[in-house]
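Working notes for the structure below.
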Amino acid sequence: MKKKLSIAIVTAMALSLLAGCGGGGTSGGGNTAAPAENAPAAEAGSEAAADSTGGSVYWLNFKPESDEVLQEIAATYTDLTGVPVKVVTAASGTYNQTLNAEMDKSAPPTLFVVGNQAGVKDWADYVIDLTGTPIANELNTDAYNLYDESGKLVSIGYCYECYGIIANPDLIEQAGHSIDEITNFETLKAVAEDIHARASELGFDAFSASDMDPSSSWRFTGHMANLEYYYESRDAGGWTECPPEISGAYMENFKNLYDLCINNSTVAPTDLATGGHDAEAEFKEGKAAFFVNGSWEYSAVSETVPNATMIPYYCGVEGEEKAGLNCGTENCWAINANVSEADQQATMDFLVWCVTDPDASRKLVDSFGIMPYKNAAESTNGFLQDAADYTANGCYVMDWVTNYQPNVDDYRAALVSALNQYNADQSDANWELVRTAFVDGWATQYGLANN
């Protein structure tokens, strides 16, 4: 049975509280990876397997950057229990298409992602109610769970993330500045422009590349766009559902930060359209002091920049000295109601093991950053700690309001097109194209999604 989605399941519930911080996203997170799967084992051989006799697990994974770890986890569980576990990872930006295709097969995923209220509307009838289940009972917070209108617990968060601007304090100090002096857009701009002006002398630039190819553009059309949505939503008292239109009241603030990134960078704006520049590598190799990304980068970045920290999206909004990081999740587990009870039970058992087994949860937390479960391993992610520190110091959390983007793939594609024209020629006329794609495009895609 095929379920047609009007909105891609690549975004998540907007959050108002920080139970740690905030994936690949998703994004979140967002690195590319080819689909991969492990070979299932033959037969059960333990108590855990006995609880799910004849069942198997098929996890359609949303996080490409975690594929290697998940394949290892799946193989370990199969070795321990004999229960077949298959992990298929959708390439970045293709989860919607992959999910639709896989759910139409005779052996669909038993475990998949329903990451926002639009996804709840589309998939609620296709998942079991997780209320009171063993995996739900392991949660330490309800903040990342998604319910339908009837109160059915459709999906539960399995990790949360944060994003902002990753900074290298050592390079900033080498340039004669301090990370502590950056408290708003004015001070960020002063530091970034000074570094860029002296890049040849310093041996590094301000920002790493801001490519507009699919492996990178989501950092700006999804994540950075959130600053406009967040402040507009805050003015309205907080969105609880996708608005049919937006005003673009904070487009100039988005422009402030976007211009700063592309005009004070290792790569010229005119060279961003085709991509091919490794922004992460530039930061890790000390070629740039700032890198726009999220908490999922901590493990990779900290290898060479152990004291890397994350600062907010400073953009010129009044009172932003009290801004924190963008926190939320786009990673919520749902169990397929249309597979056998044996497969459902096998999937439930597997999930409980993932969040309670010390070794398994350690590996998952090291990949995901943090997991909201009572018995999961503690997080060692420094960027999530940065988010918690901002909150502890009275800063406001910038919720992931970007999760409401209607017809997200088409909406973002139009933004990429407009931004590429602007990058090539930063005229007022071309910025108006960006504003049109950003604001009018929202209303257009909302109409198409809700027709």
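Worth pointing out:
- Criterion: hydrophobic (A, V, I, L, M, F, W, C), within 30 Å of A289 (Cα to Cα), modelled with pLDDT under 95 and outside the structural domain of V120 (by TED's automatic domain parsing) - qualifying residue of A388, A323, A413, A308: A388
- Highlighted here are the helices (runs of 4 or more DSSP H) found entirely within region 348-451 that include at least 1 residues which are more than 27 Å from N263 (Cα to Cα), of a type in the set (S, T, N, Q) and within 22 Å of the chain's Cα centre (by Cα): 358-368, 382-392, 441-449.
- Test for F383: is it of a type in the set (F, W, Y), more than 20 Å from A75 (Cα to Cα) and modelled with pLDDT of 95 or more: yes
- Output for region 79-98, where each listed residue is out of contact with any helix residue (DSSP H, G or I) (no Cβ under 9 Å at 6 or more places or on another chain) and not polar (S, T, N, Q): D79, Y95
- Within region 396-404, at least one residue is aromatic (F, W, Y), out of contact with any strand residue (DSSP E or B) (no Cβ under 7 Å at 6 or more places or on another chain) and within 23 Å of C242 (Cα to Cα).
- Candidate set from region 360-375 (those that are among the hydrophobic types (A, V, I, L, M, F, W, C) and at pLDDT below 95); member that is surrounded by the fewest Cβ atoms within 10 Å (Cβ to Cβ): V365
- Residue satisfying all of: in region 148-175; assigned to a loop (DSSP other than H, G, I, E, B) and charged (D, E, K, R); nearest to M310 (Cα to Cα) among these: D148
- Taking every residue in region 167-192 that is farther than 18 Å from L227 by Cα and pairing it with any residue that is polar (S, T, N, Q) and part of a helix (DSSP H, G or I), at least 6 positions away or on another chain, the pairs with Cβ-Cβ distances below 6 Å are E181/T187.
- Search result, residues across region 400-451 that are within 13 Å of M251 (Cβ to Cβ), surrounded by fewer than 20 Cβ atoms within 10 Å (Cβ to Cβ) and of a type in the set (V, I, T): T436, V439
- A342 surrounded by 24 or more Cβ atoms within 10 Å (Cβ to Cβ) and of a type outside the set (F, W, Y): no
- Helices (runs of 4 or more DSSP H) fully within region 243-319 counting 1 or more residues that are touching a Ser or Thr at 6+ places or on another chain (Cβ under 7 Å) and farther than 17 Å from I179 by Cβ: 251-263, 279-284
- The set of residues in region 211-240 being surrounded by fewer than 16 Cβ atoms within 10 Å (Cβ to Cβ) and within 16 Å of G328 (Cα to Cα) consists of G238, T240.
- Unique match (being at pLDDT 90 or above, surrounded by fewer than 22 Cβ atoms within 10 Å (Cβ to Cβ) and among the hydrophobic types (A, V, I, L, M, F, W, C)) among A74, A143, A136, A90: A136
- Inter-residue pairs, beta-carbon under 6 Å, first of a type in the set (S, T, N, Q) and in region 95-112, second in a helix (DSSP H, G or I), 6+ apart: T110/D343; T110/T347
The values are calculated or read from the model by the stated rules, or taken from the named source; none is laboratory data. Keep in mind that this is a model prediction, so the values were computed, not measured. As a convention, Cβ positions derive from the backbone with ideal geometry for all residues, glycine included, and neighbour counts pool all protein chains shown.
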